[in-house]
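See structure below.
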């Protein structure tokens with residue numbers, strides 16, 4: 001073997017066209033692995049993941065008796081919104097909610113299930129509660145809105161915020177997303193199959209065709225012995 005031939009063998013250059021053909025031949029395996037992943041992830045999500053329901057109430061940071069000058073004060077509105085967000089998630093508010101609803105959960109557990117947001121930089125606060133019990137999620141959200149409004153009026157010595165929208169019992173779970181998880185499982189399964197096929201392709205250094213002989217050894221094939229005849233010769 002010449003130096004040029006040895007270098008060709010050691011370089012192990014990737015033939016993209018050949019790799020593409022290998023992937024096409026193994027397409028059935030990729031599809032099967034994808035289907036297995038899809039069914040596995042979808043089945044696990046359906047059978048073992050507890051559905052979670054989200055309910056939201058909304059309060060307006062200004063009370064019904066706020067003056068027009070207060071409503072026009074953009075800076076004041078922005079500042080109060082930030083203050084209200086912090087106050088709504090305070091220990092005093094959440095422990096009061098736990099007490100009023102006689103909840104069997106700690107402050108930390110309740111805190112981890114709520115989200116207080118300011119939609120699109122408005123002067124509204126959206127109080128979202130997520131729980132495996134849809135009715136309880138609604139009750140917590142509404143009670144939290146009431147307690148927050150009372151606490152704001154007390155601490156900030158201002159008008160009680162207006163409850164703009166009460167939470168309703170959610171009809172469908174907010175999570176998990178069965179379709180999303182199933183598709184993710186299918187993609188992971190297909191990706192694993194593609195990775196294994198690629199690894200096998202890279203590790204296979206045997207010469208399997210006339211093109212391989214010419215590519216790696218730099219010589220032309222003069223003749224080929226069919227498989228049937230090779231077996232007879234071997235006998």
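The values are calculated or read from the model by the stated rules, or taken from the named source; none is laboratory data. Every value quoted in this text rests on a predicted model; they were computed, and no experiment measured them. Cβ placement follows ideal geometry from the backbone for every residue including glycine, while neighbour counts extend to all protein chains displayed.
Per the listing 194, 98, the residue uniquely surrounded by 15 or more Cβ atoms within 10 Å (Cβ to Cβ), more than 22 Å from residue 60 (Cβ to Cβ) and not assigned by TED's automatic domain parsing to the domain that holds residue 57 is 194.
Here residue 82 clears all of (1) outside any helix (DSSP H, G or I); (2) at pLDDT below 90 except the condition numbered (1). Can you say whether residue 69 is part of a helix (DSSP H, G or I), over 27 Å from the mean Cα position of the chain (by Cα) and either at pLDDT 95 or above or at negative phi (or both), as far as the supplied structure shows? So residue 69 passes the test. When the residues of the range 113-127 are filtered to those that are more than 15 Å from residue 163 (Cβ to Cβ) and not in a loop (DSSP other than H, G, I, E, B), the one that is modelled with the lowest pLDDT is 121.
So is residue 134 surrounded by 15 or more Cβ atoms within 10 Å (Cβ to Cβ), in contact with a strand residue (DSSP E or B) (Cβ under 8 Å, 6 or more places away or on another chain), at pLDDT 90 or above and not assigned by TED's automatic domain parsing to the domain that holds residue 99 or not? It is false that residue 134 is surrounded by 15 or more Cβ atoms within 10 Å (Cβ to Cβ), in contact with a strand residue (DSSP E or B) (Cβ under 8 Å, 6 or more places away or on another chain), at pLDDT 90 or above and not assigned by TED's automatic domain parsing to the domain that holds residue 99. Among the residues making up the range 148-183, those that are assigned to a helix (DSSP H, G or I) and surrounded by 15 or more Cβ atoms within 10 Å (Cβ to Cβ) are 148, 149, 151, 152, 178, 181, 182, 183.
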